[in-house]
Amino acid sequence: MQTPSAQQTQPPLRRTPVQQRSAERLARILDACAEVLDETGYEGLSTRAVASRAGVPIGSVYRFFGNKRAMADALAHRNLDHYTEQVTERIAAADPLDWRHAIDVVLDVYIAMKRETPGFALVDFGVQAPGAGAPDQANHRVAERLCALLAERLGRTADARLRRTFLVGVEAADAVLQMAFRADPAGDAALIAETKELVRAYLARVLD
């Protein structure tokens, strides 16, 4: 079985950083991209503004990205990597692992990132912008990561039924959590609780 890290798909970069200095510059560019997104929204995002915020020449941005969409895509993939790492660390501490606790972790980490991670409100795991492609692509990536991770920890086979169940669960949670954060910028507590109940009830038919 592939580990979640083996299943990660990286966004296309014009140049993949090899040296530590180059990797650090890429990280600064993505940090700046997140900050500019919070301040201006996606429409106001530009490679020039990001270069200025990151303190790098504009050519350094274009060395990695052809346009702002590619830059935002890379930020979304980095968010997903960080999310997966945090979920993995937290459920690794639970032995034996109860799947209901794992689902709480999955949702709690997402909610914390939504509240605290720069740029996450606009670009969580996929670019939410006109012409950004199918809106469900990000949820497919999240569902595949979580299915692989939890199936391995729970001793289950990540077959077609389990993968489909996780996808529906992710889609449902995403819809209700969007409503929760529209109602309250910090996330409406009652709607967050409803999300957890909904996902637990749906997954119980497969995981119990």
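The values are calculated or read from the model by the stated rules, or taken from the named source; none is laboratory data. Because the structure is a prediction, the values reported are computed rather than measured. Using ideal geometry, Cβ is built from the backbone for each residue, glycine included, and neighbour counts are taken over all protein chains shown. The area values use the complete protein model at the heavy-atom level, side chains included, leaving out ligands, DNA and RNA. Shrake-Rupley method; radii C 1.70, N 1.55, O 1.52, S 1.80 Å.
Here TYR42 passes the criteria (1) of a type in the set (Phe, Trp, Tyr); (2) over 16 Å from the mean Cα position of the chain (by Cα); (3) assigned to a loop (DSSP other than H, G, I, E, B) except the one numbered (3). One residue stands out in the range 105-115 among those that are surrounded by 15 or more Cβ atoms within 10 Å (Cβ to Cβ) and in contact (Cβ under 8 Å) with a residue 60 or more places away in the chain: the one that is farthest from ASP38 (Cα to Cα), namely LEU107.
Scanning the range 184-208 for residues that are without any contact (Cβ under 8 Å) to a residue 24 or more places away in the chain, closer than 19 Å to PHE120 by Cα and open to solvent by less than 70 Å² (accessible area, probe 1.4 Å) returns ASP184, ASP188. Of all residues in the range 144-169, those satisfying the criterion of being under 25 Å from PHE120 (Cα atoms) and open to solvent by less than 60 Å² (accessible area, probe 1.4 Å) are ARG145, LEU146, CYS147, ALA148, LEU149, LEU150, PHE166, LEU167, GLY169. Go through the residues of the range 46-54 one by one and say whether even a single one is touching a Pro at 6+ places or on another chain (Cβ under 8 Å), crowded, with 17+ Cβ neighbours inside 10 Å and of a type in the set (A, V, I, L, M, F, W, C). There is at least one residue in the range 46-54 that is touching a Pro at 6+ places or on another chain (Cβ under 8 Å), crowded, with 17+ Cβ neighbours inside 10 Å and of a type in the set (A, V, I, L, M, F, W, C). Is it true that some residue in the range 170-180 is open to solvent by 30 Å² or more (accessible area, probe 1.4 Å), in a helix (DSSP H, G or I), closer than 16 Å to HIS101 by Cα and at pLDDT 95 or above? No: the range 170-180 contains no residue that is open to solvent by 30 Å² or more (accessible area, probe 1.4 Å), in a helix (DSSP H, G or I), closer than 16 Å to HIS101 by Cα and at pLDDT 95 or above. Go over the candidates ALA32, ALA74, ALA93 one by one and state the one that is surrounded by 13 or more Cβ atoms within 10 Å (Cβ to Cβ), free of Cβ contacts under 8 Å to residues at least 60 places away in the same chain and of a type outside the set (Ser, Thr, Tyr). Every option except ALA32 fails the conditions.
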